[in-house]
Amino acid sequence: MLDNIKGLKRSHYCGDLEEKNIGEEVTVMGWVAKERNLGSIIFLDLRDRAGIVQIVFDDTVNEDLFAKASTLRAEFVIAVVGTVRMRSSINENIKTGHIEILARELRILNKSEVPPIYIKDDDNVSEAMRLKYRYLDLRKPSMQNNLWLRSKFYKITRDFFHDEGFVEVETPMLSKPTPEGARDYLVPSRINAGKFYALPQSPQLMKQLLMVSGLDRYIQITKCFRDEDLRANRQPEFTQIDLEMSFVDIDDVIAVNERFIKRAFKEMLNIDVQIPFNRMKYSEAMERFGVDKPDLRFGLELMDVSDCVKGCGFKVFESAAEKGKSVRAINVKGAADKISRKEIGKLEDFTKDFGAKGLAWMKFNNGEISSPIAKFLSDEAIDKIKEKMEAKDGDLLFFVADKNSVVFDSLGNLRNKLAKDLDLIDKDDYKITWITEFPLFEYSEEEERFVAKHHPFTSPMDEDLHLFGGNMEDMRAKAYDLVINGDEMGGGSIRINNPEVQNKMFEALGFEDEEIQEKFGFLIEAFKYGAPPHGGIAYGLDRLMMLFTDSSNIRDVIAFPKTQSATDLLTEAPAELSEEGLKEVHIKVIE
């Protein structure tokens, strides 16, 4: 027969008890983490969200209580009344390691079967098991701490933006399918047969309407949904810190957000970051690092060696001298003896995943050159490469020759991999930078037309407006991403509020009037009634929490995440719907 809680009130959380409580009678409640029966005395670790405290049941003090305590097992839910006293054996590894509770009353509030996973941080259980029994996994101290920190970050965010004059507004979860509809999660309407809502990929259009409404400054911590292939730092449903401001330009948006990030680092990590942050143009980021979210904690910068190999006779390199192509390299200092031929083969396979046809290499060791391409290059070409790359004895060079997009992608990602493999990254270092002046358009070979790099409401740089209809690949956007240690934490832009510029943008993207009306008609209509200059940014809150908790997996900072295949092992979602259920929402499933 189980006991009940009637008449008892918890006086303290387990982990909050201290030496100052010695001599006090306290009531604690929680889960049995561990029990040790030594014959005449039982030591029991009781766990709640605040931590662990040791409970003592002494056979010589109370035989009946001791007998009851001997029935306890891991994860039983209990309440204990007792007196705090000094521990005879100090445990410096826990916060309550100097005290314990001598029990005088025990109530067993619920029993537990043997848990399928251990409730400890270093249990080494598979992720599938952790997600299937998530409610048990969340009892672990590390997971409890992550959720506590996440809650703290919510408060920091709201306090900061409320102090800055932002108004928190909830935008709809049921909205119209977006232009990128292939990635929408669709919700069928029962009342409006054959029609669908979409869960928002972003509150983008709604927050722009809030600026048209005159709200001036908007903030929201909101769920967003995207049906796309997942990676370690992506989820089908994710949390976004979304904001928008009126009567602003780039510097205004950046200034507010630098103050926000500074406060977040101070309150979350007790680290003082200096503002203003560094700014780097997109073109510089690509030239130096190959990616638009560079990790600045280490070197391995890309160098263009196209001039060094011009006319060298090596066809692979010479063919990359055409417009839009290049030969670039990175110098892995002192790695000639650290990376074997076999490992180089694996790195070549790695770069092929990013489109590279091959990965050339050159080692400098004991005054000699080891390289499968050296026989194709003249001594003059090798000397030029060596000088350009500042190569010394013991260095290892990697080359990729191809279209610039392939060269950047393959070497940029190889750079990041090598830094991790060779332990070149100082994990206690934080490098924060704004990437600015993104291309306004990018050419889609698949669609054979220009598409918006961000979205069709991103404003061009003022000095590039004359390029509409001309060299549009040279047009730059008033867009900005906040990058911390190689991860994009937030991205935003100044929006178009001039109807004439907006029409030129639609025209450049090849939109017909009917298509514009269908996709964006309600926003265009709103803009007719006076849209102020406005812009904003959206942060991936889950990614920021990975940074603040030093987590490598986004699932460790979300209470109930999905797997990499977008399934929920706990509830077994997504699930099939019965014939009756499908009929109710006017849907037929095609095999």
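Three semi-axes describe the equivalent ellipsoid of the stretch 226-344; taken as square roots of 5 times the Cα gyration tensor eigenvalues and ordered largest first, they are 38, 20, 18 Å. Computed from phi, the 3J(HN,Hα) profile of the stretch 395-408 under the Karplus parametrisation 6.51, -1.76, 1.60 (θ = phi - 60°) reads 8, 10, 9, 10, 10, 9, 10, 4, 4, 4, 4, 6, 4, 4 Hz, with x in place of Gly and Pro. Counting only residues at least eight positions apart within a chain, or on another chain, the lysines with an alpha carbon under 17 Å from that of residue 95 are 20, 34, 120, 140. Judged by the ratio a/c of the largest to the smallest principal axis of the C-alpha gyration tensor, the stretch 29-97 counts as oblate, that ratio being 1.5 or greater while a/b is no larger than b/c. Karplus-based coupling profile of the stretch 200-215, in residue order and whole Hz: x, 6, 6, x, 3, 5, 5, 6, 5, 5, 5, 6, 4, 6, x, 5, with θ = phi - 60° in 6.51 cos²θ - 1.76 cosθ + 1.60 and x standing for Gly or Pro.
Tell me the angle of helix 379-388 to the major Cα principal axis of the chain, expressed in degrees between 0 and 90 and rounded to the nearest ten. Tilt relative to the chain: about 50 degrees.
Using a 1.4 Å probe on the protein chains only, how many percent of the accessible area of the chain belongs to carbon and sulfur? Please report the intermediate quantities before stating the final value.
Working: 14880 of 30540 Å².
About 49 percent, which is the carbon plus sulfur part of the accessible surface.
Under 1.5 on a/c is rounded, so check that first for the stretch 253-410, then, if it is not, pick prolate when a/b is larger than b/c and oblate when it is not; a ≥ b ≥ c are the square roots of the alpha carbon gyration tensor eigenvalues. Because a/c hits 1.5 or more and a/b exceeds b/c, the stretch 253-410 counts as prolate.
Ordered by packing density, taken as the mean number of other Cβ atoms within 10 Å over each peptide's residues, highest first, how do 348-354, 363-369 rank?
Top of the packing list down: 348-354, 363-369.
For the Cα atoms of the chain, what angle does the longest principal axis make with the long axis of helix 341-352, in degrees from 0 to 90, nearest 10? The angle comes out near 80 degrees. Candidate cross-link partners of residue 325 among the lysines, defined by an alpha-carbon separation under 19 Å and a same-chain spacing of 8 or more, comprise 310, 315, 352, 357, 388, 403.
In the chain, taking the dipole from charged Cβ atoms about the Cα centre, the farthest positive-side position among 509, 156, 21 is held by 21. Over the chain, accessible surface divided per residue gives 52 Å², non-protein components excluded, 1.4 Å probe. Once backbone amide H atoms are built at 1.01 Å from N, residue 187 has 197, 198, 199 as its partners under 5 Å, excluding neighbours fewer than 5 places away on the same chain. Ordering 14, 312 by accessible surface, largest first, gives 312, 14; the 1.4 Å probe counts only protein heavy atoms, with every chain in place.
Using only the heavy atoms of the protein chains and a 1.4 Å probe, how would 443, 218, 154 rank by accessible area, largest first?
Ranked from most to least accessible, the order is 443, 154, 218.
The distance linking the stretch 271-313 with the stretch 1-38 is 57 Å (Cα centroid to Cα centroid, whole angstrom). Placing +1 on the Cβ of every Lys and Arg and -1 on the Cβ of every Asp and Glu, with no other charges, gives the stretch 232-282 a dipole of roughly 280 debye about its Cα centre.
How far is helix 513-527 tilted, in degrees, relative to the longest principal axis of the Cα atoms in the chain, given as a value from 0 to 90 rounded to the nearest 10? The angle comes out near 60 degrees.
Report the paramagnetic label zone for residue 87: residues of the stretch 34-54 whose backbone N is under 14 Å from a point 7 Å from Cα along the Cα-to-Cβ axis. Hits in the stretch 34-54 for residue 87 at 14 Å: 34-36, 43-47, 51-54.
Kirkwood's formula applied to the C-alpha pairs of the chain gives a hydrodynamic radius of 28.6 angstrom.
Work out the FRET efficiency for residue 229 and residue 272 from their Cβ-Cβ distance, taking R0 = 41 Å, and round it to the nearest 0.05. Plugging the Cβ-Cβ distance into 1/(1 + (r/R0)^6) gives 0.60. For the residue pairs 346/420; 281/453; 386/420, the C-alpha atoms sit more than 21 angstrom apart in 386/420. Solvent exposure of residue 522, expressed as accessible area, is near 80 Å², computed with a probe of 1.4 Å over the protein chains only.
For a modelled paramagnetic label at residue 403, 7 Å from Cα along Cα-to-Cβ, the residues of the stretch 460-481 in reach, with backbone nitrogen under 19 Å, are 472-475.
A Cβ-based charge dipole, computed about the Cα centre of the chain with Lys and Arg at +1 and Asp and Glu at -1, lands at about 1380 debye. From the Cα gyration tensor of the stretch 436-591, with a ≥ b ≥ c the square roots of its eigenvalues, which class applies: rounded if a/c is under 1.5, or else prolate if a/b is larger than b/c, or else oblate? Here the stretch 436-591 falls in the oblate category. For residue 279, the residues whose modelled amide H falls within less than 5 Å of its own, excluding neighbours fewer than 5 places apart on the same chain, are 434. Sorting 142, 189 on solvent-accessible area from highest to lowest, probe radius 1.4 Å, gives 142, 189.
Assuming R0 = 30 Å, can you tell me the calculated FRET efficiency for the pair residue 151 and residue 563, based on Cβ-Cβ distance, to the nearest 0.05?
The formula returns an efficiency of 0.80 here.
In the chain, the calculated helix contribution to ellipticity at 222 nm averages -8000 deg cm²/dmol per residue, counting -39,500 (n - 2.57) for every DSSP H run with n ≥ 4. Just how many % of Cα pairs in the stretch 21-142 lie over 16 Å apart, if you round to the nearest whole percent? Result for the distance tail: 62 percent.
When +1 charges are put on Lys and Arg Cβ atoms and -1 charges on Asp and Glu Cβ atoms, the dipole computed for the stretch 61-174 relative to its Cα centre reaches about 340 debye.
Toward the positive end of the charge dipole of the chain, with +1 on the Cβ of Lys and Arg and -1 on the Cβ of Asp and Glu, the farthest Cα among 493, 202, 70 is that of 70.
The values are calculated or read from the model by the stated rules, or taken from the named source; none is laboratory data. All of these numbers come straight from a predicted model, not from anything done at the bench. Here Cβ is always computed from backbone atoms with ideal geometry, including for glycine, and neighbour counts include all displayed protein chains. SASA here: full protein model, heavy atoms, side chains in, ligands and nucleic acids out. Shrake-Rupley method; radii C 1.70, N 1.55, O 1.52, S 1.80 Å.
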